[in-house]
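The values are calculated or read from the model by the stated rules, or taken from the named source; none is laboratory data. Computed from a predicted structure; not experimentally measured. FYI the Cβ positions are ideal-geometry reconstructions off the backbone, even for glycines, and counts take in every protein chain you see.
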Amino acid sequence: MLDLKNIEGKYCYIQNKDNKINLLYFDKNNVIKSIINDSRIKYWTTNDIFISFYDCEKQEILRFRFNDELSKKYGYDILFLDGLNVAHENLSAIIVEHSIELWLHSTRFLMNDLVIAGILDVKKHSYGKFIIGDHDPKDKIIIGDYVQFANNIVITSRSHRTDLVSTFPFDELRIYYNHPELLNSCHVSKNNGIITIGNDVWIGDDSMILSGVTIGDGAVIAARSVVTKDVPPYAIVGGVPAKVIRYRFTPEQIEKLEKIAWWNWDDEKVSKNMDKIANPDIDAFINEFYEE
Ligand SMILES: CC(C)(COP(=O)(O)OP(=O)(O)OC[C@H]1O[C@@H](n2cnc3c(N)ncnc32)[C@H](O)[C@@H]1OP(=O)(O)O)[C@@H](O)C(=O)NCCC(=O)NCCS
């Protein structure tokens, strides 16, 4: 649980529903430093219950309370505005230890509604967002670490059956069509199950990923693909339906990269070895880390 009295040296990300964002640093002597955009917030104080933010005239302008329940679900320490200013009622704030976690495009931040609803499970460094198509609430979308979403990506977990006289979802629209016997026998929705996207996957613009698909680690989904079947690790797939264009590396290299699984390293190790991860010498990387 967040110790509100001990936040000096930490970072804070404040976001409202209009996506206006403040990135702040809790500096010494209760001074706030803005990381991007200048902020009205200049000072902070805490007690056991609140963090308060003040303007340059030391007027309290925001007051946040820690929310333990949501923090557990979300994986970050989350604060919620505590009624000081109704004009800001949609504000929430996240407190993190390291500036790297303030990555603005993090999928976890951008799609936090789905994370909180338990539909989306996504690791820390994955970035970008997708449009969620028709979705069965029973089904999860599981996304690994370091996944890169480009623009206009749709992930959809549900189809309509095509073998009935009509594809119209009568069973879903009970309010309009209330024939219990009929409804029990006609399940128009078809659902192929959980969508799983591995680690270090790059998903190109305008792609669509259909239900039940698993995308392997290191795969690339070319722009405008429609992914209807599983994608093997380190494959580049493209087209409608998406087919393997080529593999990024040899089968031996892929097997070893999967065992090394650098995406499971802690941030410090990734940071220390970034020049080796962002490097075309695949064999040098494998030689150094495979037997580790
Ligand atoms: C797949 C991609 C990464 C290129 O990979 P590559 O291995 O360098 O591919 P090449 O350009 O050499 O093309 C290889 C083959 O794939 C085909 N191909 C490339 N992109 C394709 C696509 N989006 N859909 C279908 N086929 C595609 C090429 O036509 C070529 O076919 P051929 O062998 O029959 O001539 C790139 O085309 C792509 O789609 N990038 C995504 C861009 C994007 O969405 N950016 C968003 C911002 S991050």
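Residues of region 224-277 that are surrounded by 13 or more Cβ atoms within 10 Å (Cβ to Cβ), among the aliphatic types (A, V, I, L, M) and more than 16 Å from the ligand (Cβ to nearest atom): LEU257, ILE260, ALA261, VAL270, ILE277.
The residues of region 204-257 that are under 25 Å from the mean Cα position of the chain (by Cα) and of a type in the set (Val, Ile, Thr), listed by number, are ILE209, VAL213, THR214, ILE215, VAL220, ILE221, VAL226, VAL227, THR228, VAL231, ILE236, VAL237.
Kindly establish whether ASP145 is at pLDDT 90 or above, part of a strand (DSSP E or B), under 12 Å from the mean Cα position of the chain (by Cα) and not β-branched (Val, Ile, Thr). No: the conditions fail for ASP145.
State the number of residues belonging to region 256-287 that are closer than 30 Å to ARG224 by Cβ, free of Cβ contacts under 8 Å to residues at least 12 places away in the same chain and out of contact with any helix residue (DSSP H, G or I) (no Cβ under 9 Å at 6 or more places or on another chain).
2
Would it be correct to say that GLY193 is within 24 Å of the chain's Cα centre (by Cα) and surrounded by 17 or more Cβ atoms within 10 Å (Cβ to Cβ)? No, not satisfied. Residues in region 195-252 that are acidic (Asp, Glu), touching a helix residue (DSSP H, G or I) at 6+ places or on another chain (Cβ under 8 Å) and not in a loop (DSSP other than H, G, I, E, B): there are none.
The residue list ILE41, ILE36 contains one member that is among the aliphatic types (A, V, I, L, M), surrounded by 18 or more Cβ atoms within 10 Å (Cβ to Cβ) and either within 26 Å of HIS125 (Cβ to Cβ) or modelled with pLDDT of 80 or more (or both), which is ILE41. For LEU210, the conditions (1) modelled with pLDDT under 95; (2) within 16 Å of the ligand (Cβ to nearest atom) all hold with the exception of (2). Checking SER126, SER159 one by one, the residue that is on the phi < 0 side of the Ramachandran plot, buried (at least 17 other Cβ atoms within 10 Å of the Cβ) and in contact (Cβ under 8 Å) with a residue 40 or more places away in the chain is SER159 and no other.
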